[in-house]
Amino acid sequence: MSSNPLLHLNDPDGTYPPSWYAATAVGVPETQPLEGDHRCDVAVIGGGFTGLSAALHLAERGYSVSLLDAHRIGWGASGRNGGQVGTGQRVAQDDLEQKVDHGLARAAWQIAQEAKALVKDLIARHQIPCDYRDGLIHANHRRRYDRHSRQFAELLNEKYDYGQIRYVPPDKMQTLVGCKDYSAGTLDMGAGHLHPLNYALGIARAAMAAGADIFERSEVTRIDLGEPARLYTAQGCLMARYVLYACNGYIGPLEKSIGQHVMPINNYIIATEPLDDDTVHRLIANGACVSDSRFVVNYFRCSADNRMLFGGGESYGYRFPRDIKAFVRRYMLRIYPNLKDAKVEYGWGGTLAITMSRLPYFQRHSANVFSASGYSGSGVALATGAGAMLAEAVDGVASRFDIMNRLPTPRFPGGSTFRSPLLALAMAWYAMRDRL
């Protein structure tokens, strides 16, 4: 019996939630649950971007790898998110420079750039059909942020030699995004967006082709750590020299020390019916994805089949809203009231993981146990990169892993009992501030 309600509370076991992503998934591998006794070099727990990337990179290095997932590949946040492939860490680079020394800030920037490049490389090398498209717009919902947007673009242009981002003035932004809700912002053509579930499935196929074993519907219920470690599921036992936790928001009680630094929250997305080409062009003129300056971020884009995919709203308890479509639709109509007659055909939720600092939590728990999680909404690139860094650490080259481990990720106050209510209070304050 599982002691992790997040794995079972909101969705049927072993099947994908009824999202637009699941409805348009291609190349879904069929694997079997873990049964009986098995051995491997590295056990990976979690079949999202982190675990799949780790499995692929380890198999390519010649390690025997077994990946265990409680449900299906990409079942969690990796197959449900907004699909945005951002630049840098989740914390803006100028803010990161205020938190850590210059050398660490620059090293973290470089690692994030490498993670973004890895996404594009995996797509190209393994011919992953995930509709990747360049362009990410950051739109300000208040004029008071415009000056910072200009300065931020200049910082990346000049100090970090990143020329793919530019400032967008208010008149251009309203044409670009097609609504009057936004002032100025930035356009980053080095970032982009993709179909996240198809991307995850593509990495899974590549990992299996490289020799990794993937066991779906194989929830790890107990681990006896040691050398080797023993991982138990309902029907089998896996012995491994190394263990990698790649569970993100679904870690639950499996490794309680991670839960002290990483907290699950729920986020929601809707997909409209297909729209005509003229409407799509008016919504987002250049086909980029958009995220805005609200603390509780609105993020949206148009899909390859001309649907508006709109993400908005968060919750901090375990359960999803009863009517996700209605819950998110009101956020969409604040930005695009002209979509009031567009039918919402899909609505789904997912659980991601945040940290207090919004920086990822990388940890070496013992000589043979590692984890990476807490991407705070920037997991497409950062989690892919994290998997590669976990593989490097197992292989004895932990320089990049150790850089990420140095980033500040303090414990949540109040432990697991009080972290959710305290966060809900904080988010209510920030939501009020967004409206001012």
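The table that follows gives values for the structure above.
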read-out	value
In the range 276-298, the residues that are assigned to a strand (DSSP E or B) and either β-branched (Val, Ile, Thr) or at positive phi (or both)	Val290
Residue count, the range 110-154 (criterion: part of a helix (DSSP H, G or I) and either within 22 Å of Phe295 (Cα to Cα) or of a type in the set (Gly, Ala, Ser) (or both))	15
Qualifying positions in the range 233-267 - of a type in the set (Gly, Ala, Ser) and assigned to a strand (DSSP E or B)	Gly236, Ala240
Identity of the residue in the range 1-23, among the hydroxyl-bearing types (Ser, Thr, Tyr) and either farther than 30 Å from Asp305 by Cβ or surrounded by fewer than 18 Cβ atoms within 10 Å (Cβ to Cβ) (or both), that ends up modelled with the highest pLDDT	Thr15
Residue that is farthest from Gly317 (Cα to Cα), among those in the range 347-406 that are β-branched (Val, Ile, Thr) and touching a residue at least 12 places away in the same chain (Cβ under 8 Å)	Val394
Number of the condition not met by Asp161 [criteria: (1) part of a loop (DSSP other than H, G, I, E, B); (2) in contact (Cβ under 8 Å) with a residue 40 or more places away in the chain; (3) under 25 Å from Ala381 (Cα atoms)]	(2)
Search result, residues across the range 75-109 that are in a loop (DSSP other than H, G, I, E, B) and without any contact (Cβ under 8 Å) to a residue 24 or more places away in the chain	Asp101
Which numbered condition Gly62 fails, given (1) closer than 30 Å to Lys325 by Cα; (2) surrounded by fewer than 16 Cβ atoms within 10 Å (Cβ to Cβ); (3) not aliphatic (A, V, I, L, M)	(1)
Enumeration of residues in the range 388-406 that are among the small types (Gly, Ala, Ser) and either in a helix (DSSP H, G or I) or surrounded by 24 or more Cβ atoms within 10 Å (Cβ to Cβ) (or both)	Ala388, Ala391, Ala393, Ser399
Matching residues in the range 174-212 - criterion: being in contact with a helix residue (DSSP H, G or I) (Cβ under 8 Å, 6 or more places away or on another chain) and either among the acidic types (Asp, Glu) or free of Cβ contacts under 8 Å to residues at least 12 places away in the same chain (or both)	Lys180, Asp181
Strands (runs of 3 or more DSSP E) lying entirely in the range 303-387 (those with 2 or more residues that are hydroxyl-bearing (Ser, Thr, Tyr))	344-354, 361-366, 369-373
Top-ranked residue of the range 309-351 - restricted to ones that are within 30 Å of Ser373 (Cα to Cα) and hydroxyl-bearing (Ser, Thr, Tyr), ranked as surrounded by the most Cβ atoms within 10 Å (Cβ to Cβ)	Thr351
Inter-residue pairs, beta-carbon under 9 Å, first among the β-branched types (Val, Ile, Thr) and in the range 301-328, second part of a strand (DSSP E or B) and modelled with pLDDT under 90, 6+ apart	Ile324/Gly313; Val328/Gly313
Near pairs, Cβ below 8 angstrom, 6+ apart or cross-chain, from the range 268-283 (surrounded by 16 or more Cβ atoms within 10 Å (Cβ to Cβ)) to any residue that is part of a loop (DSSP other than H, G, I, E, B) and aliphatic (A, V, I, L, M)	Thr272/Ala342; Leu275/Ala342; Leu283/Leu275
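The values are calculated or read from the model by the stated rules, or taken from the named source; none is laboratory data. Owing to the predicted nature of the structure, the values given are computational and were not obtained by experimental measurement. Please note: Cβ atoms are built from the backbone with ideal geometry, for glycine as well, and neighbour counts cover all protein chains shown.
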